[in-house]
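> Got a structure here, written out as structure tokens. Questions coming.
The values are calculated or read from the model by the stated rules, or taken from the named source; none is laboratory data. On a predicted model such as this, the values are computed, not experimentally measured, just so you know. Every residue, glycine as well, gets a Cβ built from its backbone with ideal geometry; the counts of neighbours run over all protein chains shown.
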Amino acid sequence: MIDAEVETQNTCMIPKIEPQSANRINKQHGLLSYKGGLVLHDLLILMAVTLVCCRPWNSAAQFLLNGLMVAATISLAINFRLYSYHLIFSLRHHLVAIGKTFLFALLTLSIVIAIMTIPEETINAYLVPVTLVTATAVVAINRKFNWDLLGLLYPVGFSFFIIGIFESIRVYFPLESSFSWYPSFRMLFLGAVSIIICRTILVHLIFNRLLRKRFRRQVLIVGANSEANTFAKHVLDKNAPFWIAGTVEGAHYENCRLTEVPNKACLGDLRQLPELSLQHKISEIVVTSKSISKHDLIAILDFCTSAGINAWFSPRLMPIIDVKLHIDSFCGKPMIRLCSQKRSWLFYKLKHISDALITLPAFILQMPFFLMIMALIKLESKGPVFYLARAIGKSGSPFNMYKFRSMYVDSDKSIHQQYVTKLIKGEIDQEDAEKGPIKIVQDPRVTKVGRILRKLSLDELPQLINVLKGQMSLVGPRPCLPYEYEIYQDWHKKRTAVRPGITGLWQVTGRSEVLFEDMILLDLYYIYNNSLMLDLQILFETVFVVLGKKGAY
């Protein structure tokens, strides 16, 4: 029964897209020109306002400060989705996002002024502890009450960045005796007024009305159920800048026409997705079909990533993400978005550098604790301190993963292997999960010290060595063992597309309570939405999970 199911799932309906076709589809969207034009528009306006508020030939230091504030404002605009095609078509949302951007820019400037005007002795004594306490409090309150307060950390980070650059260059541009903070406040005020006026004209008059046909994007819906009809009607009722090109479906695709929206035909089945996307210039694919298999769901995602198309899913198709993660919005409708953008070589280099910058000092600081654990392991039982597990890394490449030994030497590995095999094959279902954790508890092979180490997740501390060696990352999918990899289905193996991590999404969302396929979906969500900010959020959440001993056995 299981073998038949696996064979069915491994037969993907969507043909693999050729590189030439992917390039053709990528070039036809034009979203880059839309977003790039808005970024250039904002930069030109803010720089023009900066020239009006402070002339560089009179005050180089003030011009430098305002230039840094312009960079911070653009970064905040990106954070508040001021360049999101799906959101700024709404005038209300657009104005709210602009207001938030400049309020946070004002807060950033206020922090810069406070730090630079407070006596140096006070700053040296209190800045670091106050910042750490404030950041911890914000994260804790955000986690406890589910308030969206993490954005408050952006002004703090930007202010430190601005002060660092400003103080470094100040050697060449000393503060004049007539230096004033007033031009910076004036720049932000005039910049906000100018951006509101110019963006309203550009986006809501020129883009959304006069050039509406040029900037409308084509959407293809996979499915024709009630949710597909609801989604299509929502897009039309909102007068969103999208055309519903039609629908596609798997089996019996002749009956996949939408009933609530007129003139929206069934274009074909999933096997025709590449040619239909090219023919109709599709830039967004929305999946609402409840009958679609997870294998085909991942195949659609792979196609979208190769073709530069955004994939959107109904939260009902991925309930683990609906419950555990922040849901995005397609023109005001809650949906799960899996980005089409491919991360560049530079992004992964920056991720590797940030891993090293965090890991190296952490490894040095915890060395005394590291040595104490080694002594306790050695005193309790015979055998090596470290356990070298042969694990599967990026692209299926094996490597030696370091862990503190938590079991007696020569323990029987078949217990764990049989259990994990049943888990991967789906022989442990949701009913089993509701009865208890999906993990072996009270394992007789584990030592007393090992049980404590596992409870606090300290047995994984040596994996910092793997991070420094470039074999692992701080955040990413957990590495699997070779025998696990051998029984993976094809879509399971896609979690090895990036370097494995010490912690990841499934560890901070459900850990031992998450079913295997849900774990895979969370890993894939992370891979396709990977960002340095998401990594920081997962690292923050990991601290609370470990302290709360959630899901550890």
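> Considering only residues of segment 116-125 that are modelled with pLDDT under 80 and either touching a strand residue (DSSP E or B) at 6+ places or on another chain (Cβ under 9 Å) or surrounded by 11 or more Cβ atoms within 10 Å (Cβ to Cβ) (or both), which is farthest from Pro155 (Cα to Cα)?
Filtering first and then ranking leaves Ala125.
> Let me ask something additional. May I ask you to verify whether Ile45 is outside the structural domain of Ile285 (by TED's automatic domain parsing) and either surrounded by fewer than 17 Cβ atoms within 10 Å (Cβ to Cβ) or assigned to a loop (DSSP other than H, G, I, E, B) (or both)?
When the stated conditions are applied, Ile45 does not pass them.
Residue-wise test of (1) in the same structural domain as Thr247 (by TED's automatic domain parsing); (2) surrounded by fewer than 24 Cβ atoms within 10 Å (Cβ to Cβ); (3) modelled with pLDDT under 80; (4) over 17 Å from Lys494 (Cβ atoms).
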{"position": "Leu267", "(1), (2), (3), (4)": "yes, yes, no, yes"}
{"position": "Glu275", "(1), (2), (3), (4)": "yes, yes, no, yes"}
{"position": "Gln279", "(1), (2), (3), (4)": "yes, yes, no, yes"}
{"position": "Val286", "(1), (2), (3), (4)": "yes, no, no, yes"}
{"position": "Asp302", "(1), (2), (3), (4)": "yes, yes, yes, no"}
{"position": "Thr305", "(1), (2), (3), (4)": "yes, yes, yes, no"}
{"position": "Met318", "(1), (2), (3), (4)": "yes, yes, yes, no"}
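> Which of the residues belonging to segment 343-402 are under 17 Å from Gly476 (Cα atoms), crowded, with 16+ Cβ neighbours inside 10 Å and of a type in the set (A, V, I, L, M)?
Ile358, Ala391, Ile392, Met401
The rows are residues; the columns are (1) in a loop (DSSP other than H, G, I, E, B); (2) at pLDDT below 85; (3) over 16 Å from His94 (Cβ atoms).
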| residue | (1), (2), (3) |
| --- | --- |
| Leu175 | yes, yes, yes |
| Phe185 | no, no, yes |
| Val193 | no, no, no |
| Thr200 | no, no, no |
| Val203 | no, no, no |
| Lys213 | no, yes, yes |
| Leu220 | no, no, yes |
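> Take the residues in segment 488-505 that are touching a His at 6+ places or on another chain (Cβ under 9 Å) and crowded, with 23+ Cβ neighbours inside 10 Å; name whichever of them is farthest from Leu423 (Cα to Cα).
Among those residues, the one meeting the criterion is Arg499.
> Right, another one. Which condition from (1) over 26 Å from His41 (Cα atoms); (2) surrounded by 14 or more Cβ atoms within 10 Å (Cβ to Cβ); (3) over 25 Å from the mean Cα position of the chain (by Cα) is the one that Ala135 breaks?
(3)
> It is to be established whether one or more residues within segment 261-276 are closer than 17 Å to Leu338 by Cα and hydrophobic (A, V, I, L, M, F, W, C).
no
> If you go through segment 133-141 one residue at a time, do you hit one that is modelled with pLDDT of 85 or more and in contact with a helix residue (DSSP H, G or I) (Cβ under 8 Å, 6 or more places away or on another chain)?
Within segment 133-141, none of the residues are modelled with pLDDT of 85 or more and in contact with a helix residue (DSSP H, G or I) (Cβ under 8 Å, 6 or more places away or on another chain).
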